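J.: Below you'll find the structure I mean.
The values are calculated or read from the model by the stated rules, or taken from the named source; none is laboratory data. Note that the structure is predicted; figures quoted are calculated from it, not measured. Cβ atoms come from the backbone with ideal geometry, glycine included; neighbour counts cover every protein chain shown. What goes into the accessible areas is simple: the full protein's heavy atoms, side chains included, and nothing from ligands, DNA or RNA. Shrake-Rupley method; radii C 1.70, N 1.55, O 1.52, S 1.80 Å.
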Amino acid sequence: MIREKKEQEFDVIDLTGPDGNAFVLLGKAKSYARRLGLDGSEIQAEMMKGDYEHLLEVFDKYFGAFVILER
């Protein structure tokens, strides 16, 4: 079957793969922040104030409206 490519509503990040690495997520946060006109350095600093779960919570707080994190 062949079908037309659909525009995805959300970006999806697979946390079980290489994109789930904390350093990759910090980089993605900076990139998303730049696109949204936010202070990426401030968001990264907040992400690094705790453990990995805290990092995910902060990422979701800022970017959860258009990024899905999958475990």
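J.: Tell me whether segment 1-67 comes out rounded, prolate or oblate; compute the Cα gyration tensor, take square roots of the eigenvalues as a ≥ b ≥ c, and use a/c under 1.5 as the rounded threshold.
T.: It is prolate, given that a/c is not under 1.5 and a/b is the larger ratio.
J.: Let me ask something else. Count charges around GLU42 for me, please; just the other residues with Cβ under 12 Å from its Cβ, Lys/Arg as +1, Asp/Glu as -1.
T.: 0
J.: Follow-up question, since we're still on this one. For helix 52-63, what angle does its Cα long axis make with the longest principal axis of the chain, in degrees from 0 to 90 and rounded to 10?
T.: The two axes meet at around 60 degrees.
J.: Find how many whole Å separate the alpha carbon centroid of segment 8-32 from the alpha carbon centroid of segment 40-71.
T.: So the two Cα centres are separated by 10 Å.
J.: 7 Å from Cα along Cα→Cβ at both ALA45 and LYS61: what's the point-to-point distance in nm?
T.: Placing both labels 7 Å along Cα→Cβ, they lie 1.4 nm apart.
J.: If you don't mind, there's one more thing I want to ask. Tell me the label-point distance for the pair ARG71, GLU9, using the 7 Å Cα-to-Cβ offset, in nm and rounded to one decimal.
T.: Label-label distance for ARG71 and GLU9, simple model: 2.3 nm.
J.: Counting only protein heavy atoms and using a 1.4 Å probe, what share of the accessible area of the chain belongs to carbon plus sulfur, as a whole percent?
T.: Carbon-and-sulfur percentage of accessible area, whole number: 51.
J.: Over the chain, average the accessible area per residue using a 1.4 Å probe and give it in Å², no decimals.
T.: Value for the chain: 75 Å² per residue.
J.: Given the Cα-Cα distance of THR16 and MET1 and 0.36 nm per residue of separation, how much length would full extension add, in nm?
T.: Full extension from THR16 to MET1 adds 2.5 nm.
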